[in-house]
1. Can you tell me the mean projection area, over all orientations, of the convex hull of region 455-573's alpha carbons? Units nm², please.
2. Could you point to the residue in 126, 143, 68 farthest towards the positive end of region 36-145's charge dipole, with +1 and -1 charges on the Cβ of Lys/Arg and Asp/Glu respectively?
3. Put +1 on the Cβ of each Lys and Arg and -1 on the Cβ of each Asp and Glu in region 364-421; which of 389, 411, 368 then has its Cα farthest toward the positive end of the dipole?
4. Size of the chain along its principal axes in angstrom, Cα-based, largest extent first?
5. With point charges of +1 on the Cβ of Lys and Arg and -1 on the Cβ of Asp and Glu, referenced to the Cα centre of the chain, which listed residue (186, 526, 274) lies farthest in the positive direction of the dipole?
6. Can you give the net charge of the other residues whose Cβ lies under 12 Å from the Cβ of residue 281, counting K and R as +1 and D and E as -1?
7. Hey, what's the chain come to in accessible area per residue, 1.4 Å probe, Å²?
8. Take the residue pairs 512/558; 52/93; 196/559; 93/182; 401/512; 351/512 and return only those whose Cα atoms are more than 24 Å apart.
Amino acid sequence: MSIQVFGLPISRGVAIGRAVLVASSRVDVAHYYIDESRVPTEVDRLRQARDKVATELSTLKRELPAEAPAELPALLDVHLMLLHDEALTGATKNWIEMRHYNAEWALSAQLEVMARQFDEMDDDYLRERKADLEQVVERMLRALSKAEPLVSPSAATAGHGGEDPLVLVANDIAPADMLQFKGSVFSGFVTDVGGKTSHTAIVARSMDIPAVVGAREASRLIRQDDWVVIDGDAGVVVVDPSPIVLEEYRFRQRQSELERARLHRLRHTPSVTLDGEPVELLANIELPRDAPVALESGAVGIGLFRSEFLFMNRNGNLPSEDEQFTAYRGVVETMHGLPVTIRTVDIGVDKPLDRLTIHELRHEHVLNPALGLRAIRWSLSEPAMFRQQLRAILRASAFGKVRVLLPMVAQLSEIRLAREALGRAKQQLMDAGLAFNEVELGAMIEIPAAVLILPSMLRHLDFVSIGTNDLIQYTLAIDRADEAVAPLYDPWHPAVLQLIARTIELSRQAGKHVSVCGEMAGDPAFTELLLAMGLRSFSMHPAQIASVKQRVLRTEVKKLAAGLARALQSDDPMQTWAAARETREPPRDMGLEAP
Ligand code: PEP
Ligand code: MG
């Protein structure tokens, strides 16, 4: 029977596919299709892994010391029994044969099916056997990882046609793990947790495929291999849709693809309002490999390079100066002289250094990570690491136009200390005879305190960039990653709009470049409002540039002033702004529609 699950819409469009359930601890299992001809060999890999684990377990049992607890041999027997259970090995083989999944993927798919069956058991003893099953599967996955994969995952997934499309369903996925799904087999995502501007959602959005987060029960209600529709516009997930519903969504899917193709044609059109105001549209990127996509989308520079993604999932080993330099230089060279704004590492809260620490950060060691040692605070508390990053950025500046952006600045002293660190980094490079260019230093404005002392801050900065994602979180005291308070996370809140308007106005008065790089910049619902506030630089995911540009092309800025004044004084700015919009002359069609 068809069911609907409601969540938060993350990115445009509709995805229709079979569900692949993935537990967050298993997201790094390789997911790729194998050719028909490879099926027997892949089944053989599975068999070899099972035999290897069987030998391991039997040896363990045989060599148990005499003083080992009496339950241990019995436990190993349970593991051996599970290992040979037809429900595990037989069904896993089916995933390989019927769906052409690689062995690791097939095994984890079957584990999700069986884990759920265990969860539903009434008997406590049996329910607890799920942990044993997970251990057995972990062992098999380890055994498989030691055996060389038969085909390289990227080669296998690329260009494999003829299979059903797949959508990924998970309780939660860490942002760094989400990154590894870029360009993967999945055509849509659903997660149970997360807010609209959680970093997982941001990475999902940057992948430009339909996604819904905060869908609460989704991973419990959806079964492995179910047909699922993900409506990324409405935030709805339809499980096992009826033929008529499916047909409707297929129609919408085609419409949305046509719309995308139409918008894509705008990419080389200069971004200028109807009354001739040029508007800079920049790209947000997470990794160097996103830079070519940014260029292709028509971005005139990188407004936010979230450098922390280079630091994640490295088991505590931070990237070396040379490694960082290579990454930054790669982006700078790709952009061919267009500006590249590199944000110094903004680690913390939902962006942990590695996967395991996310739970620790949230629940154990740090009382309130969103207010803790994160972003610029962390950088200043690790001076050697910070200088190393600054040296790498400075060295990349020898290859183009680079700006340094400091995250989460709240104190003047943070800017002063960062400038000193930059000075020392330059000196070290000069001593070493390494080349660099002058770089501008800017700050993210994402804490209300920074807005309140902005005139003082601006005296020490070359530019600012408004991080609306955190600005909303810290102004309204709403955790941006918590779906339970998602309805209160409101970019239209009068306090938020007043802080943004004030930042833009004060920066312009001081003659300092101001941009918005939070998610509001890429949402066409806010384009006119931000233009009315005087914003002329927007930074967003490459996939959003065309729709924002379309709005820019249709806007006559000088007509917006009266509506803005009213909206900023209103108790309900969204409604006031919409009403003002309706009373304005409908824009004339100047032939600016994409052909
Ligand atoms: C923001 O806070 O708006 C921002 C752009 O930074 P991040 O989303 O990485 O915190
Ligand atoms: Mg931020």
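1. Values: hull surface 32.1 nm².
Value for region 455-573: 8.0 nm².
2. So the residue furthest toward the plus end is 143.
3. 389
4. Each principal axis gives a Cα extent; for the chain these are 78, 65, 43 Å.
5. Ranked along the dipole, the leading option is 274.
6. +3
7. Numbers: 25310 Å² over 595 residues.
Roughly 43 Å² per residue, with all protein chains present.
8. Values: 512/558 22 Å; 52/93 17 Å; 196/559 31 Å; 93/182 27 Å; 401/512 17 Å; 351/512 30 Å.
Result: 196/559; 93/182; 351/512 exceed 24 Å.
The values are calculated or read from the model by the stated rules, or taken from the named source; none is laboratory data. Note that the structure is predicted; figures quoted are calculated from it, not measured. Quick reminder, even Gly has a Cβ in these numbers, built from the backbone with ideal geometry, and neighbours come from all protein chains shown. In case anyone asks, the SASA skips ligands and DNA or RNA and just uses the protein heavy atoms, side chains included. Shrake-Rupley method; radii C 1.70, N 1.55, O 1.52, S 1.80 Å.
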